[in-house]
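Note sheet for the following structure.
The values are calculated or read from the model by the stated rules, or taken from the named source; none is laboratory data. Fair warning: this is a prediction, and the values are worked out from it, not measured in the lab. As a convention, Cβ positions derive from the backbone with ideal geometry for all residues, glycine included, and neighbour counts pool all protein chains shown.
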Amino acid sequence: MALILSIAALNLYAASDTDKEDQLKAAFLYNFLKFVDWPADKLPDNNEPVVIGIYSGQKFAKMFEPIKDKTAGSRQIIIKEFACAAKGISNEDWNKQIEAFRQCHILFFVDYPDAEITKKIIEALNGRGVLIVGQKENFLEAGGNINFIIEENKLRFEINLVSTKNNNLKIRSNLLKLAKRVIEDKSSQETKG
Amino acid sequence: MLVLRNMTIKYKLMTIVMIACLIGLSLAGAAFIGWERNSLHKKMSEALSIRVAMIAENCKSSLAFQDNKDAEQILQSLSVDSSVIFGGIYDDKNELFAAYYHNSNKVRVSPAEFKKTMSTFKDNSLVISAPIVLDKEIIGTVCIQSDLKDIYTTLKHSVQIIIAVMFISLLAAFLVSARLQGVISKPILSLAKLAKDVSENKNYSARIVKQTNDEVGSLIDAFNEMLQQIQMRDSELLKAQKGLEMKVQERTTELSKTNEQLTTEVAERKSIQDKLEETNQELKNFVYIASHDLREPLRKISAFGGMLQKSLTGKITGDDAENLNFMIDGATRMTQMIEGLLAYSRVSTKAHSSEAVNLNDIVEQLRQLELSVLLEEKHTTIDVPQPLPVIDVDPAQIRQLMQNLIANGMKYQAKGNVPHITITSGPAADGMVRINVTDNGIGIAPEFQQAIFIMFKRLHSKNEYEGTGIGLAVCKKIVERNGGQIGVDSQPGNGSTFWFTVPAAGDSQLLAKEPKLAVQSN
């Protein structure tokens, strides 16, 4: 009986540990809203809601519970979840999905589909004012804007300035200085460490 | 203040100037220090507020993305200000997120519980905090603590400078006041000196030269005027004194003159009196000798006249017998007068000797001896209702006095009236006793009551009441010789009371009173 309980507790603990990390990520995503400038046509100055898209992660959307009622400035925050796109998706569905992605201001790749699809999505979103955030190695090289990393057991991030520029987004210096790695141009893709 | 009171005016003035200067400078210095301290505090908190605001701005993202290393780097910028001893960033749960300690000195700072800008001076340090606001939301607090060493160093320098300035100013004030105090103190000092001179030397002709037109100047004017008045009064007083002295001199001479005159007059009077007394004595002697020597031939006349009358009885008739009667009668009367004169003269000439005499005994002896015939003849009673006192007199003279008074009372009676004599006594002034001899006779009119005591003064003709006119004069003489007074209270027809006063014997009052008490107790 005691054994069963302890195993349950262990599981709970493990679960809560990852939950904590995910909650932090949600907070970071929320804070990105304050340090990134979107183009005026993408985010007009008329109190329209901000949309954060979660790509393939029903579980992760729960992590936004603490900030769900928060606002970014005077804007409401809308969390949208997207299912993982399958390989054999019809052209029409694909376009639909891409269109939905384009409505977002931040698109967070929780799960990482295979590199090809990812690359296609990122290319499709190029210049559309969507901050593409991921959490996988070489995500920046794949065209992502911000990538979460774990450094010294702490959640940190890295930034690809080139791709954000292509996406018509401006990263504020406050945020930039916190990045552990910044890709500033195509020739020197690995400068900062 | 007590110290100040006993100073001279010079030092008083200087001290007052110095004290005023010191107080003024101290107040100015204190105000300056206070103002400087406040402005330094203000400046410091302003500077720190800017610093805190900048840090709050810079560390927004660090706090938002939980990057405390970055926050610490931001806080490191505080190291340029050596007065900052602590800088801290607290998260929204008031937990220390990043900290900076000057020279690695760990200073305990209580977690900032404030979410708004505030600055507090406490324990020689300034604590300033500011909220970290991200998108209208407070996500943390920045707090900086700075020690006030710099301020205190600056203030210390200021205080040193102010003290130096005060010292120099006081020195200057001392020098200036030492020179300028003379403007006030000199006239007062000269006034004081003059006043002292005037009071010590009575030199009222001294004056002070007026130098200023202020209150001291008017004081000097008043003083000079006062001196002038005093001088005038002094000279007047001197004049008056001299006049008075002269007058006194005059009066004294006058008085001595008068005195001399008086003295000579008194001397003259004395010599006249001496002569008079001498003459009087001679006269007395003459009277005595004359009357004494006249008695003998007179006695012979009356004795032989009587014998002649007896032998001629029946032999001579008519006018002869009557003439013989006249002659004998005249001789008898002359004898009586000479006896009276002798008695009077004896009272005057005999040496006075007094002793205690019991008046009751005198009256009793008179009743038994000298007056017994007369009393029986006239059926007279002598009444002594109360015992009479013991008196201090010549016994022979008092006997004569009482005899004369009683005989007098029996003599002057209306025809057919039975004489009644009452003798009483009472106290008089100055330890004397008063003796009253009252009769029921014809009385004396008031206008004659003084005259009856003069020798040979008679109110009635010798046919009416026989008498010599000497008796009462002898009485008066006796009373006066014994130091008393004599008088009469009378109204015509109501009898007379002859009274006299004589000295009481030393224990006479006791003797006089004891029987009285005995009578009353019976």
Criterion violated by residue A:47 - all others in (1) away from every other protein chain (no Cβ under 14 Å); (2) touching a residue at least 12 places away in the same chain (Cβ under 8 Å); (3) loosely packed, with under 15 Cβ neighbours inside 10 Å satisfied = (1)
Is it fair to say residue B:461 is of a type in the set (Ser, Thr, Tyr) and assigned to a loop (DSSP other than H, G, I, E, B)?
-> yes
Give just the number: which of (1) loosely packed, with under 14 Cβ neighbours inside 10 Å; (2) more than 60 Å from the chain's Cα centre (by Cα); (3) not in a helix (DSSP H, G or I) does residue B:320 not satisfy?
-> (3)
Might you check whether a residue that is part of a loop (DSSP other than H, G, I, E, B), more than 14 Å from chain B (Cβ to nearest Cβ), at pLDDT below 85 and closer than 27 Å to residue A:136 by Cβ occurs anywhere in region A:6-29?
-> no
Failed condition for residue B:8, given (1) within 14 Å of chain A (Cβ to nearest Cβ); (2) over 29 Å from residue A:175 (Cα atoms); (3) among the β-branched types (Val, Ile, Thr), with all others met?
-> (1)
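Among the residues of region B:75-89, which ones are assigned to a helix (DSSP H, G or I) and crowded, with 22+ Cβ neighbours inside 10 Å?
In the first step, residues of region B:75-89 are kept if they are assigned to a helix (DSSP H, G or I); the result is B:75-80.
Scanning region B:75-89 gives B:75, B:78.
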Region B:223-238: number of residues that are under 17 Å from residue B:189 (Cβ atoms) and loosely packed, with under 12 Cβ neighbours inside 10 Å = 0
Can we say residue B:357 is part of a strand (DSSP E or B), at negative phi and surrounded by 19 or more Cβ atoms within 10 Å (Cβ to Cβ)?
-> yes
Per-region count, region A:133-181, residues more than 19 Å from residue A:118 (Cα to Cα), among the aliphatic types (A, V, I, L, M) and within 14 Å of chain B (Cβ to nearest Cβ) | 7
Of everything in region B:63-81 that's among the polar types (S, T, N, Q) and more than 10 Å from chain A (Cβ to nearest Cβ), which residue is nearest to residue A:153 (Cα to Cα)?
-> B:76
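Answer yes if at least one residue in region B:332-346 is basic (Lys, Arg) and either surrounded by 10 or more Cβ atoms within 10 Å (Cβ to Cβ) or closer than 30 Å to residue B:396 by Cβ (or both), and no otherwise.
Yes, region B:332-346 has at least one match.
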When you look at residue B:365, is it part of a loop (DSSP other than H, G, I, E, B) and not acidic (Asp, Glu), yes or no?
-> no
Any pair with Cβ under 9 angstrom, 6 or more apart, that starts in region B:135-160 at a residue that is part of a helix (DSSP H, G or I) and ends at one that is surrounded by 15 or more Cβ atoms within 10 Å (Cβ to Cβ) and polar (S, T, N, Q) | B:149/B:83; B:150/B:83; B:151/B:83
Pick out, from region A:102-193, the helices (runs of 4 or more DSSP H) lying fully within it that include 2 or more residues that are without any contact (Cβ under 8 Å) to a residue 40 or more places away in the chain and among the small types (Gly, Ala, Ser).
-> A:115-125
Hits in region B:435-452 - residues which are part of a helix (DSSP H, G or I) and surrounded by 19 or more Cβ atoms within 10 Å (Cβ to Cβ) = B:452
Among (1) within 23 Å of residue B:290 (Cβ to Cβ); (2) within 60 Å of the chain's Cα centre (by Cα) - the single one residue B:337 does not satisfy = (2)
Have a look at A:132, A:77, A:171, A:149 and point out the one that is of a type in the set (Val, Ile, Thr), in contact with a Pro (Cβ under 8 Å, 6 or more places away or on another chain), closer than 30 Å to residue B:57 by Cβ and surrounded by 12 or more Cβ atoms within 10 Å (Cβ to Cβ).
-> A:77
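The rows are residues; the columns are (1) assigned to a helix (DSSP H, G or I); (2) farther than 30 Å from residue B:139 by Cβ; (3) more than 14 Å from chain A (Cβ to nearest Cβ).
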residue: B:20; (1), (2), (3): yes, yes, yes
residue: B:26; (1), (2), (3): yes, yes, yes
residue: B:34; (1), (2), (3): yes, yes, yes
residue: B:37; (1), (2), (3): yes, yes, yes
residue: B:47; (1), (2), (3): yes, no, yes
residue: B:50; (1), (2), (3): yes, no, yes
residue: B:53; (1), (2), (3): yes, no, yes
residue: B:57; (1), (2), (3): yes, no, no
residue: B:61; (1), (2), (3): yes, no, no
